[in-house]
1. If residue 97 meets every condition in (1) in contact (Cβ under 8 Å) with a residue 40 or more places away in the chain; (2) closer than 19 Å to residue 6 by Cα; (3) in contact with a Ser or Thr (Cβ under 6 Å, 6 or more places away or on another chain) apart from one, which number is that one?
2. Could you list, in sequence order, all residues of region 1-37 that are small (Gly, Ala, Ser), part of a strand (DSSP E or B), modelled with pLDDT of 90 or more and under 25 Å from residue 95 (Cβ atoms)?
3. With the condition kept exactly as written, say whether any residue in region 125-138 is modelled with pLDDT of 95 or more, open to solvent by 40 Å² or more (accessible area, probe 1.4 Å) and either outside any helix (DSSP H, G or I) or in contact with a Lys or Arg (Cβ under 9 Å, 6 or more places away or on another chain) (or both).
4. Could you say which residue among 117, 110, 87, 82 is of a type outside the set (S, T, N, Q), more than 16 Å from the chain's Cα centre (by Cα) and closer than 15 Å to residue 47 by Cβ?
5. Can you name the number of the only condition in (1) outside any helix (DSSP H, G or I); (2) open to solvent by less than 50 Å² (accessible area, probe 1.4 Å) that residue 96 fails?
6. Between residues in region 105-121 that are touching a residue at least 24 places away in the same chain (Cβ under 8 Å) and residues that are surrounded by 14 or more Cβ atoms within 10 Å (Cβ to Cβ) and basic (Lys, Arg), which pairs lie under 9 Å by C-beta distance while being six or more apart or on different chains?
7. For a quick check of your reading of the model, give me the residue pairs whose first member lies in region 59-79 and is hydroxyl-bearing (Ser, Thr, Tyr), whose second is at pLDDT 95 or above and assigned to a strand (DSSP E or B), with beta-carbon atoms closer than 6 Å and at least 6 apart or on different chains.
8. Counting only residues that are under 19 Å from residue 28 (Cα atoms) and either surrounded by 16 or more Cβ atoms within 10 Å (Cβ to Cβ) or acidic (Asp, Glu) (or both), how many does region 49-64 have?
Amino acid sequence: NPSGPGGWGAVVCQEDDLGNVIHLWEVGGGVNPASNNRMELRAALEGLLRLSELPGSRTSAVRVLTDSRYVIGAVTKWIRTWQRNGWRTSDNEPVKNQDLIEEIDQMQRWFQSTPTWVWVRGHSGNIGNENADRIAGGHAIGSPPEHFEGPVSRHPSWGPDRSVAPPKPRAPRA
């Protein structure tokens, strides 16, 4: 939606040693005008920024789950080519969203280990992704939801499955 309002949302999770989420921080916002790619990038950036404010996060393993293949490609693959080419595409056009991509790259370098980027299918039941979409949607329509911060056991919609890992692939049917 390049000419209308947009929203972004991110859910920052602290996990225990078994990968179970134990604490959550929700962040979100909105802008007008917005594009979907800018909102996806903004969500990733703001999630990393919120995480960087938490004690001990610089040395933590960081995993970013997103339903945007554009974000993953931009910050893990295409960025180095764009930098070498003076932020021009293969068609010699300026790279869109350069500002946000550069900020994410800077945040990635802040952590001692490079964050791992994981694609999750949108609207597939991944609770972290569903909550990020809920936050973004609320901001996009000018009705921002309350942002939760606290133990996952107190989150109103998290439910018994406290893992944010992408679902395991199903075995092929015979």
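1. Among (1) in contact (Cβ under 8 Å) with a residue 40 or more places away in the chain; (2) closer than 19 Å to residue 6 by Cα; (3) in contact with a Ser or Thr (Cβ under 6 Å, 6 or more places away or on another chain), residue 97 violates only (3).
2. Listed by number, the residues that qualify are 6, 7, 9, 10, 29, 30, 34.
3. Among the residues of region 125-138, not one is modelled with pLDDT of 95 or more, open to solvent by 40 Å² or more (accessible area, probe 1.4 Å) and either outside any helix (DSSP H, G or I) or in contact with a Lys or Arg (Cβ under 9 Å, 6 or more places away or on another chain) (or both), which makes the answer no.
4. Residue meeting the stated conditions: 110.
5. Exception for residue 96: condition (2).
6. Correct list of pairs: 115/63; 116/63; 117/63; 118/63.
7. 76/117
8. 5
The values are calculated or read from the model by the stated rules, or taken from the named source; none is laboratory data. Just so we're clear, the structure is a prediction, and the values are computed from it rather than from any experiment. Cβ coordinates were reconstructed from backbone atoms using ideal geometry, including for glycine residues, and neighbour counts include every protein chain displayed. In case anyone asks, the SASA skips ligands and DNA or RNA and just uses the protein heavy atoms, side chains included. Shrake-Rupley method; radii C 1.70, N 1.55, O 1.52, S 1.80 Å.
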